[in-house]
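Please find one structure pasted underneath; my questions will follow.
The values are calculated or read from the model by the stated rules, or taken from the named source; none is laboratory data. What you are looking at is a predicted structure, and each value in this text was computed from that prediction instead of being measured. Cβ atoms come from the backbone with ideal geometry, glycine included; neighbour counts cover every protein chain shown.
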Amino acid sequence: MQPVVETLSGLERRVELAVTLADVEKEVQAQLKKAQRNARAPGFRPGKVPMSMLERTHAPGIRMDVINGKVGDAFEKAVNDANLRVAGMPRVEPKDEEAQSDAITFVATFEVYPEVELPDLSALDVERAHTEVGDAEIERTVDILRKQRTRFEPRAGRAAEDNDRVTLDFAGKIDGVAFEGGTAEGFSFVLGQGRMLPEFEEATRGLKAGESKTFPLKFPDDYGSPDVAGKTAEFEVTIKEVAEGVLPEVDAEFAKSLGQAEGDVEKLRADIRANLEREIANRSQARTKASVMNALAEAAKFDVPKALVEKDAQDRVQAAREELRQRGVPNADDMPIPTDAFAPESERRVRLGLIVSELVRKENLQAKPDQVRAKIEEFAKNYEQPAEVVRYYLSDRSRLAEVEAVVLEDNVVQHVLDKAKVTDKDVPFDELMGNAAAQ
């Protein structure tokens with residue numbers, strides 16, 4: 001009799017699966033005979049171990065494996081006959097009733113993928129980001145590159161000010177007792193960059209080499225070291241050296257230091273412009289993609305399998321643990337990280353993944369070989385040896401798959417832009433770059 005798949009609620013389904021005991025025992029005996037050919041036991045030659053002994057030692061494990069295999073086969077047949085796509089792993093349990101003489105009955109509870117209805121793309125509102133790269137952005141980038149190559153020159157008699165490198169000795173005490181990390185000699189930092197607490201920098205500002213100062217400093221309540229958090233310490237600092245930051249001139253040597261072999265400053269600016277335009281294009285595309293994906297996710301009106309949401313949340317917990325391990329956080333593997341914290345975003349990610357997959361299938365938006373090649377060549381422009389980068393991607397199927405995924409998303413974004421109500425939005429350079437250019 002064909003098993004009947006029962007709808008419980010939403011995407012949840014249930015089906016009863018019967019495994020005939022005679023079929024199980026037939027398979028168990030076949031496997032025991034096969035095992036007997038090479039079986040070894042004390043007092044018996046290889047292949048001559050009595051079947052009765054194998055029954056006692058091997059049959060229980062073999063029987064369990066056979067039952068699991070037959071239940072799996074029965075489940076697969078039932079869902080295939082019902083034309084269902086199973087989402088996640090089924091929960092299989094023995095049926096709670098009196099044992100039958102000729103069969104074992106199990107109940108499998110599982111979820112199925114939803115019927116994904118694509119929204120009307122012409123009704124979607126999306127923003128397409130646009131940012132100009134002008135001469136001002138080029139010059140500001142040059143200034144950043146100069147600051148990164150600051151040369152510090154000691155200045156006798158100079159009062160420390162922002163952007164100076166200060167070298168000093170300091171000693172801190174809480175209630176007259178020195179504490180761990182509160183003492184150092186020959187310690188250097190650049191004023192105004194926020195490396196030290198504001199009170200420490202303010203006390204140092206204006207001092208000259210050879211001068212000392214004592215001042216109180218209250219550690220923030222959320223300070224990284226719990227031993228001193230919220231407490232007030234008394235620090236004494238002695239300035240050893242004040243060095244003024246000197247920026248390099250924008251000349252041939254500066255250009256060469258940035259890889260412009262000819263030392264041509266104008267070619268350097270042209271290279272900077274090209275690099276910035278590539279970066280701006282990538283960030284604009286990412287921002288536009290986020291707008292498209294948000295619009296799709298908000299328009300998607302269907303249930304998502306809980307099993308897929310839970311799997312995504314668990315994956316994100318593992319990723320969080322890995323990040324903690326990379327940062328050297330102790331007990332990262334044991335730290336409690338509830339999956340519930342990721343559930344809303346995981347549900348959104350699953351829903352978005354389903355709608356994107358359906359859009360790709362229905363509109364034939366798969367990545368084409370020429371698109372993948374073009375994307376790899378685009379990546380390669382950021383490196384000194386583009387040909388090597390191209391070979392790097394083309395020589396490995398997993399790396400190639402990563403690029404295909406990027407191209408596929410680009411195809412989806414472009415398809416939605418072609419159909420939706422698009423507003424072109426001018427995004428300020430600093431905003432798009434996350435203020436990185438202003439640092």
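Please give the number of the condition T214 fails out of (1) at positive phi; (2) in a strand (DSSP E or B).
It fails just one condition, (1).
Just give me the residues in the range 164-182 being more than 14 Å from L207 (Cα to Cα), surrounded by 15 or more Cβ atoms within 10 Å (Cβ to Cβ) and within 41 Å of the chain's Cα centre (by Cα), in sequence order.
Quick first cut of the range 164-182, residues more than 14 Å from L207 (Cα to Cα) only: 171-182.
Adding the requirement that they be surrounded by 15 or more Cβ atoms within 10 Å (Cβ to Cβ) leaves 171-172, 174, 179, 182.
Within the range 164-182, G172, F179, G182 meet the criteria.
Here is a follow-up. Kindly indicate whether R349 is assigned by TED's automatic domain parsing to the domain that holds M293 and buried (at least 16 other Cβ atoms within 10 Å of the Cβ). Lay out the reasoning, then the answer.
Numbers: assigned by TED's automatic domain parsing to the domain that holds M293: yes; buried (at least 16 other Cβ atoms within 10 Å of the Cβ): yes.
Yes: the conditions hold for R349.
Among the residues in the range 65-82, are any on the phi > 0 side of the Ramachandran plot and either surrounded by 13 or more Cβ atoms within 10 Å (Cβ to Cβ) or modelled with pLDDT of 85 or more (or both)? Please lay out each step first, then the result.
So in the range 65-82, the residues on the phi > 0 side of the Ramachandran plot come out as none.
Checking the range 65-82: not a single residue is on the phi > 0 side of the Ramachandran plot and either surrounded by 13 or more Cβ atoms within 10 Å (Cβ to Cβ) or modelled with pLDDT of 85 or more (or both).
For the range 115-127, enumerate the residues that are in contact with a strand residue (DSSP E or B) (Cβ under 9 Å, 6 or more places away or on another chain) and buried (at least 19 other Cβ atoms within 10 Å of the Cβ). Please lay out each step first, then the result.
From the range 115-127, those in contact with a strand residue (DSSP E or B) (Cβ under 9 Å, 6 or more places away or on another chain) are 122-127; that's our starting set.
Those that are in contact with a strand residue (DSSP E or B) (Cβ under 9 Å, 6 or more places away or on another chain) and buried (at least 19 other Cβ atoms within 10 Å of the Cβ): L124, V126.
Let's see how each residue does on (1) exposed (fewer than 12 other Cβ atoms within 10 Å of the Cβ); (2) over 30 Å from R146 (Cβ atoms); (3) without any contact (Cβ under 8 Å) to a residue 24 or more places away in the chain:
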{"residue": "F200", "(1), (2), (3)": "no, no, no"}
{"residue": "R205", "(1), (2), (3)": "no, no, no"}
{"residue": "T214", "(1), (2), (3)": "yes, yes, yes"}
{"residue": "Y223", "(1), (2), (3)": "no, yes, yes"}
{"residue": "G230", "(1), (2), (3)": "yes, yes, yes"}
{"residue": "F235", "(1), (2), (3)": "no, yes, no"}
{"residue": "I239", "(1), (2), (3)": "no, no, no"}
{"residue": "L247", "(1), (2), (3)": "no, no, no"}
{"residue": "V250", "(1), (2), (3)": "no, no, no"}
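Still on this model: I'd like to know if the range 273-280 contains one or more residues that are surrounded by fewer than 15 Cβ atoms within 10 Å (Cβ to Cβ) and under 30 Å from D162 (Cβ atoms).
Within the range 273-280 (the criterion being surrounded by fewer than 15 Cβ atoms within 10 Å (Cβ to Cβ) and under 30 Å from D162 (Cβ atoms)), the answer is yes, since at least one residue qualifies.
Somewhere in the range 253-265, is a residue touching a helix residue (DSSP H, G or I) at 6+ places or on another chain (Cβ under 6 Å) and among the basic types (K, R)?
no
When you look at D333, is it loosely packed, with under 14 Cβ neighbours inside 10 Å, within 20 Å of the chain's Cα centre (by Cα) and not in a helix (DSSP H, G or I), yes or no?
Working: loosely packed, with under 14 Cβ neighbours inside 10 Å: yes; within 20 Å of the chain's Cα centre (by Cα): yes; not in a helix (DSSP H, G or I): yes.
Yes: the conditions hold for D333.
On the given criteria, is Q326 farther than 30 Å from L118 by Cβ and under 16 Å from the mean Cα position of the chain (by Cα)? Please lay out each step first, then the result.
Working: farther than 30 Å from L118 by Cβ: yes; under 16 Å from the mean Cα position of the chain (by Cα): yes.
Yes: the conditions hold for Q326.
Could I ask something else about it? Do we have any residue at all in the range 345-362 that's assigned to a helix (DSSP H, G or I), in contact with a Ser or Thr (Cβ under 9 Å, 6 or more places away or on another chain), at negative phi and at pLDDT 90 or above? Show your work before the answer.
Restricting attention to the range 345-362, the residues satisfying the condition of being assigned to a helix (DSSP H, G or I) are 345-362.
Now restrict to residues that are in contact with a Ser or Thr (Cβ under 9 Å, 6 or more places away or on another chain): 346.
Going one step further and asking which of them are at negative phi, we end up with 346.
Narrowing the set further to residues that are at pLDDT 90 or above leaves 346.
Looking through the range 345-362, at least one residue is assigned to a helix (DSSP H, G or I), in contact with a Ser or Thr (Cβ under 9 Å, 6 or more places away or on another chain), at negative phi and at pLDDT 90 or above.
List the strands (runs of 3 or more DSSP E) that sit entirely inside the range 43-152 and contain at least 3 residues that are among the hydrophobic types (A, V, I, L, M, F, W, C) and touching a residue at least 12 places away in the same chain (Cβ under 8 Å). Step through it out loud before you land on a result.
Details: elements: 86-94, 103-112, 125-130.
Hits in the range 43-152: 86-94, 103-112.
Related question: Restricting attention to the range 426-439, and to residues there that are surrounded by 15 or more Cβ atoms within 10 Å (Cβ to Cβ) and in contact with a strand residue (DSSP E or B) (Cβ under 9 Å, 6 or more places away or on another chain), which single residue is modelled with the lowest pLDDT? Give the steps one after another, and end with the answer.
Of the range 426-439, the ones surrounded by 15 or more Cβ atoms within 10 Å (Cβ to Cβ) are 427, 429, 432-433, 437.
Filter once more, keeping what is in contact with a strand residue (DSSP E or B) (Cβ under 9 Å, 6 or more places away or on another chain): 427, 432.
Values: V427: 93, L432: 89.
Per the criteria, the residue is L432.
Out of the residues in the range 6-42 meeting the condition of being touching a residue at least 60 places away in the same chain (Cβ under 8 Å) and of a type in the set (G, A, S), tell me which one is surrounded by the most Cβ atoms within 10 Å (Cβ to Cβ).
Filtering first and then ranking leaves A18.
When residues of the range 104-162 are filtered for being under 32 Å from the mean Cα position of the chain (by Cα), within 30 Å of A252 (Cβ to Cβ) and polar (S, T, N, Q), how many remain?
Qualifying residue count for the region: 2.
Next up: Somewhere in the range 182-193, is a residue closer than 30 Å to L268 by Cβ and out of contact with any strand residue (DSSP E or B) (no Cβ under 9 Å at 6 or more places or on another chain)?
Yes: the range 182-193 contains one or more residues that are closer than 30 Å to L268 by Cβ and out of contact with any strand residue (DSSP E or B) (no Cβ under 9 Å at 6 or more places or on another chain).
Identify all residues within the range 91-108 that are of a type in the set (G, A, S) and at pLDDT 90 or above; write none if there are none. Working first, answer last.
Looking only at the range 91-108, we keep the residues that are of a type in the set (G, A, S), and these are 99, 101, 103, 108.
Once the filter is applied, which keeps residues that are of a type in the set (G, A, S) and at pLDDT 90 or above, the range 91-108 yields only A108.
Which count do you get for residues in the range 164-197 that are part of a strand (DSSP E or B) and under 22 Å from K147 (Cα atoms)?
To start, the set of residues in the range 164-197 that are part of a strand (DSSP E or B) comprises 165-174, 177-190.
Applying the additional criterion that residues be under 22 Å from K147 (Cα atoms) yields 165-167, 187-190.
Final tally of qualifying residues: 7.
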